[in-house]
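The values are calculated or read from the model by the stated rules, or taken from the named source; none is laboratory data. Bear in mind the structure is a predicted one, so any value in this text is a computation, not a measurement. Here Cβ is always computed from backbone atoms with ideal geometry, including for glycine, and neighbour counts include all displayed protein chains. Accessible surface areas use protein heavy atoms only, side chains included; no ligands, DNA or RNA. Shrake-Rupley method; radii C 1.70, N 1.55, O 1.52, S 1.80 Å.
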Amino acid sequence: MPRPIRLAAAGDVHAHDAVRDDIARAFREVDGTVDLVLLAGDLTTYGEPEQAALLAEICRPLSVPVYAVLGNHDWHCNQVPELVAVLTGAGIRVLDRSWAIEEVDGASVGIVGVKGFVGGFPDSTLPDFGEPLLRQVYAETTAEVDALASGLEAVAGSDYRIALLHYSPTVTTLEGEPRGIWPFLGTDRLAVPIAEHRPDVVLHGHTHAGTFEGAVGSVPVFNVAVPVLGRDFFVFELDGNEVRAAA
């Protein structure tokens, strides 16, 4: 059996100048103490490349690999190619409908990264019907779901498998948010490939007033948005099929 893997996860860092020192301190504290850092979207406040450069500056000297997905805030200025170029130039692995396998002391860690998107949950779902604009929203979610499925299939042989999202795949991590906005916080369409391919853990952000721990069937799901965590990172271990908070 491979050794346990120690990870630090956070979403909704919302990098900007006013919090530069706090973010830098948080990353320094986990560097060298974990095997991977996983960022569940909303890396910036408004998606400005200058805000991405702040995060890049902080992450560039780290010894630990950093993987990230984008969030809705990162798309706000519609400068995603520029933003991603800044981040990847600092060594941050941005997964956008893609996947990677990281080797850690002989253990393979498969990470599948998608932003996810909206669409709702039972009793409040967006159908593939009606105005072309709404059908484009449905199609955008379909592309995210398909990428999640193909990524999980690609990393199926890894010792550990992680799904990293921004939007939520389950209502179990939405409790605490007003029910009226649940359709904008994610969709259970994302849960379909999770239930089929059964990664070891799913991480997401986006829901600032939601619930930390949930599930898709028996697959553990954690809402690692910083406002939910109440701290900088959720540090946990994967050990076989077990997910546990790190000591």
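Quick look at the values:
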quantity	calculated
Residues of the range 168-196 classified as farther than 21 Å from G110 by Cβ, aliphatic (A, V, I, L, M) and outside any loop (DSSP other than H, G, I, E, B), total	2
In the range 200-213, residue surrounded by the fewest Cβ atoms within 10 Å (Cβ to Cβ) [restricted to those that are out of contact with any Asp or Glu (no Cβ under 8 Å at 6 or more places or on another chain) and over 11 Å from L165 (Cβ atoms)]	E213
Total residues in the range 197-230, condition touching a Phe, Trp or Tyr at 6+ places or on another chain (Cβ under 8 Å), of a type in the set (A, V, I, L, M) and either part of a loop (DSSP other than H, G, I, E, B) or modelled with pLDDT under 95 (or both)	1
Test set (1) part of a helix (DSSP H, G or I); (2) of a type in the set (K, R); (3) within 19 Å of G113 (Cα to Cα) - R161 fails condition number	(1)
Filtered residue count, the range 109-123, keeping only those that are more than 14 Å from the chain's Cα centre (by Cα) and surrounded by 12 or more Cβ atoms within 10 Å (Cβ to Cβ)	5
L39 being open to solvent by less than 10 Å² (accessible area, probe 1.4 Å), within 21 Å of L148 (Cα to Cα), modelled with pLDDT of 95 or more and not basic (K, R)	yes
Which listed residue, of L54, L70, is closer than 18 Å to V37 by Cβ and either touching a His at 6+ places or on another chain (Cβ under 6 Å) or touching a residue at least 60 places away in the same chain (Cβ under 8 Å) (or both)	L70
Matching residues in the range 6-17 - criterion: being at pLDDT 95 or above and not acidic (D, E)	R6, L7, A8, A9, A10, G11, V13, H14, A15
